[in-house]
Amino acid sequence: MKFLIVTHAETYKKEDQYFAYAPYVREMNLWAKYVNQISIVSPVGDSFEKNISLAYQHNQIKFYQVSAFSLVGSKEILKTLFKLPQILAVIYKAMKQADHIHLRCPGNMGLLGCLVQVLFPKTPKTAKYAGNWNPKAKQPWSYILQKWLLSNTLLTKNMQVLVYGNWPNQTQNIKAFFTATYQESEKEPIKIRNYTQTLHFCFVGSLAPGKQPLKAIQFVQELQQKGIDAILHIYGDGTEREAVSDYIKLHQLTDTVLIYGNQPKQKVKKAIQQAHFLILPSKSEGWPKVVAEAMFWGCIPIVTPISCVPWMLDNGKRGILMLDTKLNETANSIQSLINQPSELERMAEKAAQWSRQYTLDKFEKEIEKLLAT
């Protein structure tokens, strides 16, 4: 089978290997086990970071390079108009040679893939929509268009669309799905935390406006002002790094808010295993993998109620939903729970029980089924 991936994830070639963002490639390598050849259509990256990159694992890889483009701002849209003919031609050529087309959405390349796939109604297809599929969510027009195209069974034929969460009134090609990080064999006994001593919080993700790292810091500040001994460990990097560092210095938080930057998977895993809580005050997510990872190890998530997160947390039974913009209400909830350590232990146990249903072993079996249909 010739398996084609159309993705906005930038590709890097190093020593005859193709690399991209590690969590995404880790998943694609599972798909790769069941195909004879992989073709990739994507832009090329210009800033390779070893700690967050991983190589595609396959001995038959064909790479189609296209230009990166943006749909934000009139100048960028004008530039994109000149690039589009060449990009669309490359996607069409790659799809014509494919036995199975796989789109990664939402994203700029996913949008073009959604348009070009209309010309290949007989080719089996899958689309992984890794964003928020909630029909009521406020999203950019390009995301709304992708969701409409993927749901339109007249334009999108022979495709299974994998989305996070169960949503009402969906077309027959929409399939509720999940993602995973750990193997069944990686399950270890959960570390029982002591909630009466210093509380360790983790933020894991890009330091970008959408992830709101400053809000995570302000939440820990709120706890500290209530007399709670709390330390925040930040793993990740991005455009907000300088603003975050400046805020920490300005508010004299250098002893209680620590930034580690991008770190290897094993180091982040160890940090989550040791932490009491994970904070993710994100504005938008699909299936936030780091939340499921934290739950896997009994680290209680504190997350905004976006996408399928309320379902993941069973509306607050397996974690804490950040329902207020001023953080005070959520901080009060934490303060109350600290006085009930047995309740926090039960919450951590429920979180782990739920997350450990979704292993890579199960994920791989589901992928094999998708490619067999």
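Values in this text are rule-based calculations from the coordinates and carry no lab data. What you see is a predicted model, and the numbers here were worked out from it, not measured in a lab. Cβ sites come from the backbone with ideal geometry, for glycine too, and all protein chains shown count toward neighbours.
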#### Entry: Anchor LYS270: aspartates and glutamates whose Cα lies under 20 Å away (excluding residues fewer than 8 positions away in-chain)
GLU184, GLU186, GLU188, ASP237, GLU293, GLU345, GLU349
### Query
In degrees between 0 and 90, to the nearest 10, how far off the longest principal axis of the chain does helix 360-372 point, with axes built from Cα atoms?
20 degrees
#### Entry: Net charge dipole size for the chain [Lys, Arg +1 and Asp, Glu -1 on Cβ; Debye, nearest 20]
1100 debye
## Note on the structure
Here, trypsin sites (Lys or Arg not before Pro) of the range 34-135 satisfying both criteria (DSSP loop; at most 11 other Cβ within 10 Å) are LYS122
### Message
Taking each pair of distinct Cα atoms in the chain once, what is the resulting Kirkwood hydrodynamic radius in Å?
### Response
21.9 Å
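Name the shape class, rounded, prolate or oblate, that the alpha-carbon gyration tensor gives for the range 1-111, where a ≥ b ≥ c are the square roots of its eigenvalues, rounded holds for a/c under 1.5, and otherwise prolate holds if a/b is larger than b/c and oblate otherwise.
On the way: a/c = 2.05, a/b = 1.35, b/c = 1.52.
It comes out oblate by the Cα gyration axes.
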### Task
Working from Cα positions, state the angle (0 to 90°, nearest 10) between the long axis of helix 241-250 and the longest principal axis of the chain.
10 degrees
### Message
Considering all alpha-carbon pairs of the range 230-326, what whole percent are spaced by more than 16 angstrom?
### Response
60 percent
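In what sequence do HIS102, HIS251, HIS200, HIS276 fall when counting other Cβ within 10 Å, fewest first? Don't skip to the answer; put the middle values down first.
Values: HIS102 25, HIS251 13, HIS200 17, HIS276 22.
Ordered by Cβ neighbours within 10 Å, fewest first: HIS251, HIS200, HIS276, HIS102.
Are there any trypsin sites (Lys or Arg not before Pro) in the range 289-335 that are in a DSSP loop and have at most 14 other Cβ atoms within 10 Å? List them by number.
Here the sparse-neighbourhood loop sites are LYS317, LYS326.
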### Message
Helix 265-274 against the longest principal axis of the chain: what's the angle in degrees, Cα atoms only, rounded to the nearest 10?
### Response
30 degrees
### Message
If you restrict to DSSP beta bridges whose two residues both lie in the chain, what percentage is antiparallel, to the nearest 5?
### Response
10 percent
### Task
Run through all the Cα pairs of the range 185-355 and give the fraction in each 10 Å bin from 0, expressed as whole percent.
10, 43, 39, 8, 0
#### Entry: Partner lysines for LYS326 [C-alpha distance under 18 Å; skip if fewer than 8 residues away on the same chain]
LYS211, LYS215, LYS226, LYS283
